Amino acid sequence: MANLLTEKELKEQGSIVDLLSGLGYQPIPKRGRERMYYSMLRGGNTEPSFSVNDDLGVWFDHGACRGGNIIDFGLAYWKHLGLNEVVKKIQDVCSLETGEARVSRPKKIIKCPNHIVQLVKPLGTHPAITEYLKDRGVFEIAKNYLSEVYYFVEDENNVRKRYFAAGWQNESKSWEVRNRYFKGCMGHKAITFIPGHNKRAVIFEGFLNFLSWRLENPNDDHSAIVLNTLTLLQQAINRAKAFSSLDVYFDRNRTGALATRVFLKALPYATDRSRIYEGFNDYNDKIKVQLKKAVSESKKKSVFFSGVKVPFER
């Protein structure tokens, strides 16, 4: 049995396009450096919404607003498998081997897109960002943590495309950005740490789930660790070791459950708190449903009282 590649080796040697081809998925005609697929991570696709830039080794599912590298895809595709099993699956499908005899996949030398943050503003300036966060049910609480980030992406031909998103900084001082159609990072990925109590901490996969928790716990003094990506799970575990009380709020899907098991195995005194949003994929899904119910009830009351006639005047 061949030895497993390290995560670093796999990301350097593996091709997402080759992996998808080996799994039986082919792209529609190529558009520039990106290849588009019907998403194999979701059902009922009528339009190609899964993009792959194999030169950069990244993918993004526009319908699910998630993406990552070849390992992130493997974890999303083989939800029932652990990390080592996923690495072996990718290695087998792509016919990659360890050792000096391994033939490395040739990579193009390209200039990576240059992300430049031009302007940072308080929330509430751009209506599209405001509406996105309101739809998520966290706009008001987000004012204390998020900003509006305006940036452009410059490709190897010096062509600029301008974008805007809600953003927060991670520990490498890079901006994690998100809007209705995109989720990414302007620089190096890292966890985000929000200081609070020096012995108690809460742990989240993403910032929207942290904001959902904060919305329901406005006076809680816990410190918070936000992974920003599950690939930084070990980094979060290392950071969490400084705390004697840990509450974990990962997603209630298979990937989140696996991450929870890994976290609790490393730090057995931590507590899985995801039952708070049982029946939902994550904390923010719960908040969104509650918001819809509240809006629906408000509309019903409005319709009822609109039919009530006042029989007298003052």
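The values are calculated or read from the model by the stated rules, or taken from the named source; none is laboratory data. Everything numeric in this text was worked out from a predicted model, so none of it was measured. Methodologically, a virtual Cβ is constructed for each residue, glycine included, from the backbone with ideal geometry; neighbour enumeration extends over all protein chains shown. Each accessible area value is taken on the protein alone, full model and side chains, heavy atoms only, with ligands, DNA and RNA left out. Shrake-Rupley method; radii C 1.70, N 1.55, O 1.52, S 1.80 Å.
I'd like the carbon and sulfur percentage of the solvent accessible area for the chain, probe radius 1.4 Å, heavy atoms only, ligands and nucleic acids excluded.
So the carbon and sulfur contribution to the accessible surface is 51 percent.
With the cut-off at 31 Å, tell me which of the pairs K121/K286; K241/K292; K89/K143 have Cα atoms farther apart than that.
Flagged as over cut-off: K241/K292; K89/K143.
Starting from the Cα-Cα distance between L291 and I276, subtract it from 0.36 nm times their residue separation and give me the gain in nm to one decimal.
Residue separation times 0.36 nm, minus the Cα-Cα distance, leaves 3.8 nm.
Taking only Cα atoms and a 10 Å spring cutoff, compute GNM fluctuations for the chain and point out the largest among D61, D92, D285.
In the Gaussian network model the winner is D92.
Ordering H188, H197 by accessible area with a probe of 1.4 Å, largest first, what comes out? Could the numbers behind the result be given before it?
Details: H188 145, H197 50 Å².
Heavy-atom accessible area, descending, gives H188, H197.
Solvent-accessible area per residue for the chain at a 1.4 Å probe radius, Å²?
56 Å²
I need the P(r) histogram for the range 136-256: all alpha carbon pairs, bin width 5 Å from 0 out to the longest distance, whole percents.
Result, from short to long distances: 2, 10, 20, 22, 20, 13, 6, 4, 2, 1, 0 percent.
In nm, to one decimal, how far is the V93 label point from the W78 one, both placed 7 Å along Cα→Cβ?
0.8 nm
Highest mean first, how do 78-89, 47-58 rank when packing is the count of other Cβ atoms within 10 Å averaged over residues?
By packing density, highest mean first, the sequence is 47-58, 78-89.
Taking R0 as 30 Å, what FRET efficiency do you get between A128 and S172 from their Cβ-Cβ distance, rounded to the nearest 0.05?
Computed FRET efficiency for A128 and S172: 0.65.
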